[in-house]
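These notes concern the structure reproduced below.
Rule-based calculations on the coordinates, nothing more; no lab input. Everything quoted here is computed from the prediction, not taken from an experiment. Cβ atoms come from the backbone with ideal geometry, glycine included; neighbour counts cover every protein chain shown.
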């Protein structure tokens, strides 16, 4: 598999800027713009690329020590879509088990 880390950084950075601009532009109309950066989710499809030593290394680097469960990611998405999250705008939710704090 080719190393796409540079491309990932470019897309992530661009997404941040676009998300911020959109959240400012659409807030007056009552629309919220949120970014979403979850970790690997423990599904059969994701585990194709995250099995073996690579997956084991990733799990040990995350403070929680595992990949996300689908229900955990779904619950976070449902919260962001709910009226209770109405004040949240222009943010990036990172449900990653603490991986990003490294």
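A few points about this structure:
- Relative contact order (%) - criterion: Cα under 8 Å, at least six apart; region: the chain: 37
- Residue exposure sequence - 87, 94 - by fewest surrounding Cβ within 10 Å: 87, 94
- As a proxy for reagent exposure, 39, 60, 20 were ordered by neighbouring Cβ count within 10 angstrom, fewest first; the result is 60, 20, 39.
- GNM on the chain, alpha-carbon springs under 10 angstrom: the most fluctuating residue among 51, 37, 23 is 51.
- Distance between the modelled labels on residue 53 and residue 100, one decimal in nanometres: 2.9 nm (7 Å Cα→Cβ projection).
- Against the set (i) 22.5, 62; (ii) 15.7, 48; (iii) 16.8, 73, the structure's computed Rg and Dmax of the Cα atoms in Å falls on (ii).
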